[in-house]
Structure formats: C-alpha cells, structure tokens
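Since the structure comes first, as structure tokens, the remarks are kept for the end.
The values are calculated or read from the model by the stated rules, or taken from the named source; none is laboratory data. This is a predicted model, so every value here is computed, not measured. Cβ placement follows ideal geometry from the backbone for every residue including glycine, while neighbour counts extend to all protein chains displayed.
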Amino acid sequence: MAGYKNIVNGDIRLMLGVLLLAVATHSPAKPGDAEQGEQIYSRRCVLCHSDEGDGLGPAAERLNPPPRDFTAGIYKIKTTGFDDMAPADEDIFRMIRDGMPGTAMPEWADVLSEQEIWDLVAYVKTFAGYEGEEPGEQLDYGEQIPSSPESIEKGKALYHDQDRCSECHGKDGKGNAVKRLKDDNGDRTWPRNQTKPWTFRASNDPKDIFTRITTGIPGTQMTSFAKPSSEKRLSIEERWHIANYVQSLAKIEQVVRAENTVVKAEKIDDDLPDSPDDPRWQATQPTTFFLVPQIIAKQRFFTPSNDTITVRALYSDTELAILLEWDDRTKSIPGNKLAEKISDADIGEDAVAIQLPIEIHDSMEKPYFGMGDANNPVNIWHWHSGTTETTEGISLLNSKGFKEIEKRDAATIGIHAKGLYTEGTWRVVMKRSLTTAESDKDLQFVSGKFIPIAFAAWDGSNSEKGSRHTMTTWYWLLLKPATGAKPIIAALLVIVVIFALLFFWARSRQPHRG
C-alpha cells in the first residue's frame, strides 16, 4: 500500500476517495422480497405507520411531523422528477437506512441488514401500488458548482429575489413564519430552519439541497423551482448557487456537542450588559443544549417546535448575567390578530426559564430535575414575552415539585430580564445579584464552584403553556475564577522553591573532601 501511495499523485487519490464515498453512500437497487418485508414491517413499523400503511398507528398522534402515509404514494424525499410521483427504490432505501432527522423516523442501518431494508422497500411500495411501476428519469444535476464566496453571494441574491425563498424561510433562513402553512393532509408544517443542518430530512449537502430545490417537497408548499411554468423558475446553475448559499447559513458555532456540559461565565470589571444585543456577548463562549418535550408530568407534551437553546454568561463582583438564545419561528403575542392567525388555536406567550438549586450540597446531589423535590427545592426564574395588554416580565418561583410551588416577587431580590425578538430568534438576558438577603430561599453564587443549572422554553404559537413546554436536564454553570498576576506569581514562587530544594539536595549528595 505504501508503494501504491508513492506512485499515485494527490489528484488521483482525491478522485479515488470521491469514488469510494459514492459507492459507500449509494447502494444500488436490489430485488426485494415483499413477503419478507411484510414480516419486518409488522415487527418494526406498525406502531407509527399502522398495519394499513396509512400513518395512523397508535403513536401517530404524539409525533410531529406525523408518520408517512404510504397509501397516498407521496414521498417527500426523492430524486425523481418533480412531475413523477413514484420515487426511486434507492430513495426509499435511503430513508429507511438513514432515518429522517428532526422526526421520529430513526435510522435502521444498525438494526436491519441491507437485504432486509430492500425487502421493506418492496413491501412499502405495495401500499400505493408502486410495486410494478418504474420511476422516470433521475434528476439532471448538470455540472456541480463548487461553493465559493462568489457562488454564495449569487445564491443569496437569487434567494431573496422576488422573495423566492425568504417568503417562507425568512430573511436569515430561520423559517420564521409570515403565514400559516399546511400540507396536503391539512397538518401544520413549518418551513425548514436552514441554520440548523441537523434538522434537514436528507442532509445539508449541496447536492441534497439542490435536489429539494429541483423536485420540491411533494405534499407540502415547498414547490419545485425547475418547473418551466413557474415565474420563479431557476436554471441548473442558479439552483447550485442557492444550494451553496443555503449550506453557508449553518450556525456551526451553535451546534450541540456532547462534551459541552458547562456554561462558563467570565468575570468582567465593567457593569454587566443589560441588553441582549450588547456586542460584549459575542465575545463570550456559547454553550448549546438540546430541548426535549416535557413528558414526565401532566399535561404531557409530545409535539415541540423548538429543539435547542444557547447559553452565555458573565459576572462581576456583585452580579451575574445570563443570555438565553433560541430560535422561534413566530413571535407569539396573545391578542394580536396577525400573530393569532399564524399560530395554533390556543396561543400563549413565548417564555423561557432557568432552574437552579437553592443549596449546593457537598455531595453534589442535585434536586429532581422536574422542578425539584421535598428535600431539594429549586429557584426558577421565569420570563414571559407579554401580550397586547401586558408587557414582558419575569417571575420567581420556589418549587419542591410540581405540586408545591411558592410564587415570589422577583424584583424584591433583584432579578431583572430583557427580551428581544429578531428575525426568528429570541434573546433574553436575566440578571441577579450574586447574593441575596434570603439565603435560605435563594441560591448564593460563588466563583470556582460547579452549580447545577437547567432550562425550559415555551413556544406560545405551538399551544405551549404551563407544563406543555420543552426542557433540558441538569447541566453546570461555572463562574470562572478571575485570572490575574497572583496565580502566576504563586506558581513562579513554587518553581523557585523546588529548584532551591533540588540545588541544596544535590550539594548535600556531593562527597566531602578532607
């Protein structure tokens, strides 16, 4: 192998790598056994898709988006033409093998063999009568245009021209809604938040994005921009430019990373920022966590719209400030006719909360993450966005569980908050003094100690109120000790002492001359 590497040059190695990747990621269609596929389907798929394949399985009402109705013969992720209903077998294979991020459809590659997946493909096609139908021609990808600043800039201009894409996906691609969208079944649909690549049903590879732009997403309001009859039709080259632009929107600095479990607060000498758009926040380290639906207490919640929250923190000699940032496709304003028009029926306020233990035990025992417990109560700082009749505000709760909650006046202990909604994103700053007069009721912040912290969020346009919300488990907040000259001087003194001891030890080991 070493000799081979010495022969081929870098360009050939690159070409081989691309070829191997293509072979690894595109399994050629193989004959599937529909009878075998039916047995696999009955064990693995009926809970969501039902025996009849109509997507009305026992779990369906708790899934967002709903499971695919195979009987309708509408496949959203396909590589056949926009006017061809039938997908390629490879399209169905890929969705089973890789799953669909952002949905309840898992990847089955680690459970099913390749042949079993092809058997499932054969059986799933029978629900719509596609078993004997050959799909039409595959898409014409032309010559892919590599991503570059020039291509991205062209894509951006096309994206916003005539509100071609921004009408639904928003100015910054966050999917912030200006109108209520429904699919062909009447189910609520949300435009893709293109800054979150992990939610793309296929992937955010430019080729997959090009495919969606070309075919549209059948059954939804995402149209094909390859239709000759469309006023907003795009050429192949233009579709590649938009694909490159959409990929560039990914917020790679706000991706959830398993190793990032600590919100690190830096100490500053100035007054802490009051505003969410204070430029000093951008110099702080962000930490992003997944939000999951609250399903441990009534009323349980299964269909969230928000999935992550990003946290930053700063502190001074007297105060702590925490910035919470999360994408929300709608600014929920109860009483506002436009907001109510694009929301679900029971609109509520947007909201966010921080949960902290009242006391940090030496054993580092945490309270029950669902609003504490009898032996380990918690503080909850709860901000809400306001209505047409009320302004934004923050409240303080002391909780020993879902049924034992004490409401307190946040202002009396110095908790303040300010929220700002801009182009599909909420940013909320919460501030409190490091210590309070009621040490038996409030957490007293100290630097250098790991403090348990958890978060919750409410999307009012998604009928989220009370216990219907998203949340995190416990993570950590660390007020990083201030760095200065003292630690460095102390370390230098230790080094000097060690060298002095070594010097005298070496002298003592030398033989004496009489």
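If you go through region 298-308 and keep only what is surrounded by 14 or more Cβ atoms within 10 Å (Cβ to Cβ) and in contact with a Ser or Thr (Cβ under 6 Å, 6 or more places away or on another chain), you end up with Pro304, Asn306, Thr308. The condition (being touching a residue at least 24 places away in the same chain (Cβ under 8 Å), within 30 Å of Asn375 (Cα to Cα) and among the β-branched types (Val, Ile, Thr)) is satisfied by just one residue among Ile309, Ile342: Ile309. Number of residues in region 445-463 that are in a loop (DSSP other than H, G, I, E, B), at pLDDT below 95 and closer than 28 Å to Asn176 by Cβ equals 1. Can Val111 be described as β-branched (Val, Ile, Thr) and over 29 Å from the mean Cα position of the chain (by Cα)? For Val111, the condition - β-branched (Val, Ile, Thr) and over 29 Å from the mean Cα position of the chain (by Cα) - is not met.
The residues on offer are Leu120, Leu112, and the sole one that is assigned by TED's automatic domain parsing to the domain that holds Ile74 and more than 22 Å from Ser203 (Cα to Cα) is Leu120.
Contact map, region 355-368: first residue closer than 14 Å to Leu443 by Cα and touching a residue at least 60 places away in the same chain (Cβ under 8 Å), second residue in a strand (DSSP E or B) and among the acidic types (Asp, Glu), Cβ cut-off under 8 Å, separation 6 or more or different chains; pairs are Pro367/Asp373. Considering region 393-417 alone, what residues qualify as being closer than 28 Å to Asn193 by Cβ and surrounded by fewer than 18 Cβ atoms within 10 Å (Cβ to Cβ)? Gly393 - this is the single residue of region 393-417 that is closer than 28 Å to Asn193 by Cβ and surrounded by fewer than 18 Cβ atoms within 10 Å (Cβ to Cβ).
Selection of region 238-277 for residues being surrounded by 15 or more Cβ atoms within 10 Å (Cβ to Cβ) and among the acidic types (Asp, Glu) yields Glu238, Glu266. In region 1-75, counting only helices (runs of 4 or more DSSP H) that sit wholly within it, the ones holding 3 or more residues that are modelled with pLDDT of 50 or more span 34-44, 46-49. For region 372-397, a residue qualifies if it is in contact (Cβ under 8 Å) with a residue 40 or more places away in the chain and either over 17 Å from Lys431 (Cα atoms) or not assigned by TED's automatic domain parsing to the domain that holds Gly414 (or both), and the qualifying residues are Gly386, Thr387, Thr388, Glu389. Residues that are in a strand (DSSP E or B) and surrounded by 15 or more Cβ atoms within 10 Å (Cβ to Cβ) within region 418-444 comprise Lys418, Gly419, Tyr421, Thr425, Trp426, Arg427, Val428, Val429, Met430, Lys431, Arg432, Ser433, listed in sequence order.
For region 151-178, give me the residue count where each residue is touching a Cys at 6+ places or on another chain (Cβ under 9 Å) and over 19 Å from Glu231 (Cα atoms). Within region 151-178, residues that are touching a Cys at 6+ places or on another chain (Cβ under 9 Å) and over 19 Å from Glu231 (Cα atoms) number 4.
Listed here are the residues, each with its yes/no results for (1) of a type in the set (Lys, Arg); (2) in the same structural domain as Val428 (by TED's automatic domain parsing); (3) out of contact with any Phe, Trp or Tyr (no Cβ under 8 Å at 6 or more places or on another chain).
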site	(1), (2), (3)
Gln285	no, yes, yes
Lys298	yes, yes, yes
Val311	no, yes, no
Leu320	no, yes, no
Asn336	no, yes, yes
Glu340	no, yes, yes
Asp350	no, yes, no
Glu359	no, yes, yes
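Of the listed requirements (1) touching a residue at least 60 places away in the same chain (Cβ under 8 Å); (2) more than 29 Å from Ser332 (Cβ to Cβ); (3) small (Gly, Ala, Ser), Ala454 misses just one: (2). The set of residues from region 58-116 being among the acidic types (Asp, Glu) and touching a Ser or Thr at 6+ places or on another chain (Cβ under 6 Å) comprises just one member, Asp91. Of all residues in region 225-236, those that are touching a Lys or Arg at 6+ places or on another chain (Cβ under 9 Å) and either in contact (Cβ under 8 Å) with a residue 12 or more places away in the chain or of a type in the set (Phe, Trp, Tyr) (or both) total 5.
Could you list all residues from region 324-352 that are crowded, with 22+ Cβ neighbours inside 10 Å and either among the aromatic types (Phe, Trp, Tyr) or in a strand (DSSP E or B) (or both)? Leu324, Trp326, Asp327, Ala351, Val352, listed by residue number.
Taking the stated definitions as given, is Lys227 at pLDDT below 95 and either touching a strand residue (DSSP E or B) at 6+ places or on another chain (Cβ under 6 Å) or within 15 Å of Asp140 (Cβ to Cβ) (or both)?
Values: at pLDDT below 95: yes; either touching a strand residue (DSSP E or B) at 6+ places or on another chain (Cβ under 6 Å) or within 15 Å of Asp140 (Cβ to Cβ) (or both): yes.
Yes.
Applying the criterion of being out of contact with any Cys (no Cβ under 9 Å at 6 or more places or on another chain), among the hydrophobic types (A, V, I, L, M, F, W, C) and in a loop (DSSP other than H, G, I, E, B) to the residues of region 99-130, the residue that is surrounded by the fewest Cβ atoms within 10 Å (Cβ to Cβ) is Val111.
Of all the residues in region 248-273, those that are touching a residue at least 24 places away in the same chain (Cβ under 8 Å) and either over 30 Å from Asn462 (Cα atoms) or in contact with a His (Cβ under 8 Å, 6 or more places away or on another chain) (or both) number 10.
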